[in-house]
Amino acid sequence: MRKVLVITIVALAAVSCSTRENESNVSEEEQWRLGWRMVFSSMNENYELAESQFDSLLIANPSPDNHFLITGFATLRELKKEEKLEKILSELDASRLSEICNHSLFTEKLKDIAPCGNVELFQTQYPDLQLELVKMYVNDQAVRDNLMNDLIEKYHLNLDEVIQDAHFTVDATNRNRLKEIFQEYGFPTKEMVGKDAMNGIFLMIQHSDRDKEWQKSQLGNIETAVKKGDMDGQSYAYLYDRIKINGGESQLYGTQFSEVDPENNTVTLAETEDLDRLDERRMQIGMMPIEMYKEFMLRNLRD
């Protein structure tokens, strides 16, 4: 049987061995599902339920994945429970606190939270390249009817800097420029250009279907970026599945669909290996359970 590649996500903290967690007796899978239920509750603006789920998650694991922590903190902000938020923050170790305090939630919306006051804010090594990549990222999304107002505001972009054109034109322009950037700088890192630009790099590679060989050649770079914590684990999963489906093979992580029909409320996965263990693989790489993902896709199309 072919060995399944499992990415170790740097941002995912090890499960605590504290007495508190042992007493909770909540399995890793149950914690994962609870965390994603909290995310969905927060997305639905059911903040009271999300807070309750966040509390339960912290009892089960005082050091959950950063994604769940950020969602929990955003929920407490909506409920105006900054004191509770500060208390949880103050219990994080210095390394984790630095990571969390450099998230946009704290650099843009919770600037005055006490535990983050003495944390040094991250500065990119190549700010000009960062800005260029962010503009390319915004362009990539704008032609897909996703005007990223948060990024436009954060980086003080003018709307006329956002290219309104056909997908393939923007994709080709971005892809050719990425090739030049990689030739000059190597594959960028978060230290070089920041998290937003790294997210953009992934999506531009993901949208490079008109140059499948080059797209496939970047999978190793994405894998390395995930291992270093420069990209999320799901970036690898999405690109891996995209390459497999483009090549007429079965996907591994269930990111690609053959049909999404919001009118009939049905979702059909593209051909997928070992469906019985699909959620296990998704959990290992930091993705939401497949049934939640199907619901998420249907909701997005209805909206």
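Taken together, the values in this text are just the output of simple stated rules run on the coordinates, not laboratory data. Bear in mind that the values here come from a model prediction, so they are computed numbers and not experimental data. Every residue, glycine as well, gets a Cβ built from its backbone with ideal geometry; the counts of neighbours run over all protein chains shown.
Please work out the FRET efficiency for the pair ASP112 and ASP150, using the Cβ-Cβ distance as r and a Förster radius of 22 Å; give the result to the nearest 0.05.
Given R0 = 22 Å and the Cβ-Cβ separation, E is 0.65.
Which values, in whole Å and largest first, are the semi-axes of the equivalent ellipsoid of region 107-212 obtained as the square root of 5 times each eigenvalue of the Cα gyration tensor?
Over the Cα atoms of region 107-212, the semi-axes work out to 27, 17, 11 Å.
Mind checking which lysines have their Cα closer than 19 Å to the Cα of LYS84? Skip sequence neighbours fewer than 8 apart in that chain.
The qualifying lysines are LYS109, LYS111.
Just flag the GluC sites (Glu not before Pro) in region 93-167 sitting in loop per DSSP whose Cβ has no more than 11 other Cβ atoms within 10 Å. If you can, show how the numbers build up before the last one.
Values: sites: GLU99, GLU108, GLU120, GLU132, GLU153, GLU161; in loops: GLU120.
Here the sparse-neighbourhood loop sites are GLU120.
Under 18 Å from a point placed 7 Å out from the Cα of ALA166 along the Cα-to-Cβ direction: which residues of region 213-248 have their backbone N that close?
From region 213-248, the list is empty.
Using packing as a proxy for protection, rank 172-178, 48-54, 27-33, 209-215 so that the peptide with the highest average count of other Cβ atoms within 10 Å comes first.
Numbers: 172-178: 17.1, 48-54: 19.4, 27-33: 15.6, 209-215: 13.7.
The most tightly packed comes first, giving 48-54, 172-178, 27-33, 209-215.
Hey, how much of the P(r) for region 19-116 falls beyond 24 Å, as a percent of Cα pairs?
Of all Cα-Cα pairs in region 19-116, 16 percent lie more than 24 Å apart.
With no solvent and one equal point scatterer placed on each C-alpha of region 240-281, evaluate the Debye formula and give log10 I(q)/I(0) for q = 0.25, 0.34 Å⁻¹, two decimals.
For region 240-281, the Cα-only Debye profile gives -0.83, -1.11.
Computed from the mean reciprocal separation of all distinct C-alpha pairs, what Kirkwood hydrodynamic radius does the chain have, in Å?
Result for the chain, one decimal place: 20.8 Å.
Compute the FRET efficiency between ASN25 and GLU48 as 1/(1 + (r/R0)^6), taking r as their Cβ-Cβ distance and R0 = 30 Å, and round to the nearest 0.05.
Given R0 = 30 Å and the Cβ-Cβ separation, E is 0.70.
With all pairs of different alpha carbon atoms counted, what Kirkwood hydrodynamic radius in Å does region 151-240 show?
Numbers: mean 1/r = 0.0722 Å⁻¹.
After inverting the pairwise mean of 1/r, the radius is 13.9 Å.
Test of understanding: ordering PHE68, PHE168 by Cβ neighbours within 10 Å, fewest first, what list do you get? Please report the intermediate quantities before stating the final value.
Numbers: PHE68 22, PHE168 12.
By the 10 Å Cβ count, ascending, the order reads PHE168, PHE68.
With a cut-off of 8 Å between alpha carbons and a minimum separation of six or more residues, what is the relative contact order of region 87-198 in percent? Intermediate results must be reported in sequence, preceding the final value.
Working: 83 pairs, mean separation 31.0, N = 112.
Rounded, it is 28 percent for region 87-198.
With label points built 7 Å along Cα→Cβ from the Cα atoms of TYR185 and GLU263, find their separation and express it in nm.
Each label point is offset 7 Å from its Cα along the Cβ direction, giving 4.5 nm.
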